[in-house]
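Student: Dropping a structure here in C-alpha cells format, bear with me for questions.
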Amino acid sequence: AAESGDSRSTKPFHRNQKRGADTESKPGSKAPSHHKDSGFFSYILPSHSNTIFAHLHHFWMEELLVDCTFPLQGNSFRAHRLVLAASSQTPAAVLGTGMEEMATCLTPVGLRAILEFAYCGDVTMDLNRCLQDSSELGGGQP
C-alpha cells in the first residue's frame, strides 16, 4: 500500500482510458507498453472483443447461462439479456418487458436473425423464406 503523501496509486492495475503521448506503444500493439512517469504497463489484445463474442455465441448455441426465453409460434428462443441489451440501441427496452412484446411482432425467422446479429454482428437470411413467412402472418401476398 502507498504511504501517506506517496504519489503512487494503491490500485494493482490501471485502465488506461486515454491513450496518448504518455504511452510508449500505439493502440492495437501486441507488445506490452510502459506508461512514462506512472509505473504502469499495458498489454493490448486487439482480438479480445472478438474472442469474448465468440464465447458468448458458443454459450448461446449450447444454451449455457441463458436467462431469457421468447416463445413464438410454437418455437422457443433463448438468449442472454446482457448480450441483447449491449447490442441494442434501446437497452432499457431489452431489460424490461419490451423485448418480449417486440418479439411477438416477428416471425421465428426474423427473431432468429435478430438474435444471430446480436451475437455475431452479421446475419444472412433467406429472403424467399422471409417473404413466405410474412405473407403467412398477413394472410396474403406482401
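Student: Quick one: which residues, 5+ away or cross-chain, put their amide H under 5 Å from the amide H of residue 68? H built at 1.01 Å from N.
Tutor: When sequence neighbours closer than 5 places are left aside, the close amide H contacts are 79, 81.
Student: Taking the Cα atoms of the range 48-138 alone, what are Rg (to one decimal) and Dmax (as a whole number) in Å?
Tutor: Gyration radius and largest Cα-Cα distance of the range 48-138: 13.4, 43 Å.
Student: Taking amide H positions as placed in the peptide plane 1.01 Å from N, state which residues far from residue 40 in sequence (5 or more) or on other chains have amide H under 5 Å from it.
Tutor: For residue 40, the qualifying residues are 35.
Read-outs throughout are calculated quantities, based only on the coordinates presented, and are distinct from any laboratory measurement. Computed from a prediction, not measured in an experiment: that's the story for all the values here.
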